[in-house]
Amino acid sequence: MITPAFELTQDLDFLTIIIKVPYARASEFDVYFEGEDFKFYAKPYFLRLTLPGRVVEDGREKASYNTDKGTFTIRLPKEIPGQYFEGLDMLTSLLAPKKSRSAKPLVEEIADSAELSEEEEEEFDWEIEQTPYEESAGSTLPLQYCYGFGSLRSGVFQRLQDELSDVIDIKDPDQTPVEERRRKRLAAEDAKFEPDHYLADFFEDEAIQHVLKYKPWWVDAHKKMTALQRESHQEHDTHTSVVFSEEEREQLRKFRNKSYLLDKRSRHHVYLGLIDILLAYCYEICVNEGDKNVESSWNIRKLSAMLCWLENFTSLHDVLVSFGRRVLCYPLYRHFGLVTRAFNDTVMILQLGKAAVLKCLLDIHKIFMENDPGYILNDLFITDYCIWIQKIKSKKLAALSESLQNTTLTKSHVGFELEELEAAAVLVQEEERTLKAAGTVSKQQLPSSESETSDSEESSSTSSSETEGSDSDEGESSSSEDGKINSVQGMLQEERTAPLTDCNGLRQGTNTSTFEVGDEKSKVSLQSTSVPGKLIEELEKQMHTAIRLSEQPEGLATASCILQEQEGSCVSEPDRFSNDTAGKGDFLEVSSKPSPLLFLCSTNEGED
């Protein structure tokens with residue numbers, strides 16, 4: 001027999017069941033309902049449901065078939081008009097037989113009174129023995145510690161050593177007690193925390209503020225639920241805010257119904273573990289804005305200490321502290337605002353009821369199923385949570401959400417000295433701003449000093465022009481006195497003496513550059529000569545001619561100095577003159593390479 005796809009809705013007086021049977025004969029079907037039992041048969045489909053409320057056959061029942069869609073729609077009158085049927089979306093629970101639904105409270109009641117009969121105890125052992133991990137229970141093995149949903153599993157990772165490192169962080173969990181797991185987890189988190197990463201996300205939080213603006217589906221659903229509750233003053237309108245997709249319904253139908261025998265301590269661990277899983281899931285949805293990627297599975301299992309370290313929590317505060325620490329140690333975005341956002345989202349999901357929690361668990365189940373090592377966590381935790389959540393009472397979740405809402409988490413609780421780090425970073429920023437402001441002021445003062453330098457340069461150029469005028473006057477008088485000397489000799493004499501009237505002064509047409517000499521700290525002014533244009537033309541015409549001098553004039557400097565170093569040392573040029581040993585045939589040899597801008601410095605007669 002094939003279990004068909006189905007869904008249930010309700011109004012004040014009727015319960016509506018929609019069954020999809022595309023390959024059945026519409027003329028051959030049977031429907032049976034009485035009290036909480038409902039059965040439907042249309043070859044090859046068979047559906048048996050245990051309803052959350054009682055229905056009655058009073059002549060108002062109605063059934064119809066849509067040939068285009070291949071669906072049966074059956075409307076059944078409620079025994080008590082206006083009664084609210086809770087859990088119509090919990091398809092796995094509806095498919096369970098009536099005796100299976102009632103087995104759990106009966107066993108719990110007997111267990112609390114400690115009066116288990118041998119038959120009931122054998123039935124309990126039989127259910128545990130059906131798990132494939134108990135097949136080697138008869139052999140002599142060392143003590144193994146339990147983990148998984150309700151701490152019902154052990155020995156799983158002994159046969160999955162290859163996938164162990166990709167799924168959880170704890171080594172050899174079967175031989176590691178819970179207290180040691182917690183100690184190792186805290187040590188690993190302390191070693192992983194990076195203050196630089198945290199401060200970078202704290203100050204440069206543009207991307208984080210962007211993802212914090214994202215609104216997942218439960219935000220609008222919570223607003224709608226709150227509005228409906230204000231209008232109707234009831235607490236049973238959450239089903240209108242949470243809708244399951246067809247894929248999610250198919251996923252629910254595939255789950256095998258189970259009953260979980262949990263003591264009080266185990267139930268406490270299961271509820272706290274549910275909070276831990278939902279916190280990690282809310283962080284993943286927020287930072288990826290509802291999109292799934294290859295890191296989604298890693299984010300969820302890494303942020304959940306129960307999934308990653310097989311942790312068993314003892315209080316809600318421990319759950320929040322663990323989640324806050326792991327958010328600040330492992331993912332890409334490590335900001336305390338994301339911890340607060342995940343906390344608020346988890347409260348909203350719990351307030352929406354079982355349907356919203358189940359929808360989130362189904363999404364986590366799908367994420368892990370698509371990840372190669374993640375399927376192990378489905379077997380250990382998520383599948384059991386999806387089945388278990390359908391059978392708990394909504395009042396339990398309401399009380400859990402209220403307790404969670406009253407729990408506080410601050411930065412000082414996580415143990416990383418976040419407030420001290422932030423205060424120190426703020427002081428560093430203030431110092432940097434102060435230094436930057438001081439640098440700006442110094443840059444503003446720089447143009448005024450430059451203006452003073454330009455004024456000094458203008459005054460220097462003025463004095464240079466005055467010296468230039470006096471030098472030109474002296475040059476004219478000197479050339480008039482030596483008129484008897486031939487023109488070429490006079491021109492050479494002018495070249496040597498005219499620019500050098502004052503060796504420590506300013507030369508004609510120059511821009512002065514002054515530097516200090518080490519000996520006696522005297523200042524030597526070096527000038528770049530600008531030879532008059534006429535002199536250059538005359539020198540170019542007589543470049544390759546030899547000039548014979550009858551005798552060397554007295555007072556003329558016999559040694560020429562070429563300025564080669566910054567210390568002002570004079571280098572003699574013996575090649576400028578070719579001296580005859582007889583003293584009469586002295587010739588001036590002009591170099592073939594034109595060098596009209598030759599720096600010469602004369603020697604003082606007193607120094608000779």
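The values are calculated or read from the model by the stated rules, or taken from the named source; none is laboratory data. Note that the structure is a prediction, hence the values are computed from the model and not measured. Counting neighbours? That spans all protein chains shown, and the Cβs are built from the backbone with ideal geometry, glycine included. Remember, those area values only see protein heavy atoms, side chains included, never the ligands or the DNA or RNA. Shrake-Rupley method; radii C 1.70, N 1.55, O 1.52, S 1.80 Å.
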**OP:** Can you give me the number of residues within segment 1-30 that are open to solvent by 60 Å² or more (accessible area, probe 1.4 Å) and over 49 Å from the mean Cα position of the chain (by Cα)?
**Re:** 10
Original post:
In segment 47-57, which residues are in a strand (DSSP E or B) and more than 52 Å from the chain's Cα centre (by Cα)?
Top reply: ARG54, VAL55
Subject >> Qualifying positions in segment 356-411 - open to solvent by less than 10 Å² (accessible area, probe 1.4 Å), in a loop (DSSP other than H, G, I, E, B) and closer than 22 Å to THR314 by Cα >> reply: ILE389
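Out of CYS308, CYS360, I need the residue that is modelled with pLDDT of 95 or more and either under 23 Å from the mean Cα position of the chain (by Cα) or closer than 23 Å to TRP218 by Cβ (or both). Which one?
The unique qualifying residue is CYS360.
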**OP:** Among residues belonging to segment 58-83 that are in a loop (DSSP other than H, G, I, E, B) and of a type in the set (Val, Ile, Thr), point out the one that is modelled with the highest pLDDT.
**Re:** ILE80
Original post:
Does GLY273 satisfy the condition of being among the small types (Gly, Ala, Ser), at pLDDT 90 or above and either closer than 21 Å to LYS223 by Cβ or in a loop (DSSP other than H, G, I, E, B) (or both)?
Top reply: no
**OP:** Kindly indicate whether ASP276 is crowded, with 21+ Cβ neighbours inside 10 Å and either touching a residue at least 12 places away in the same chain (Cβ under 8 Å) or not assigned by the TED database to the domain that holds ALA191 (or both).
**Re:** yes
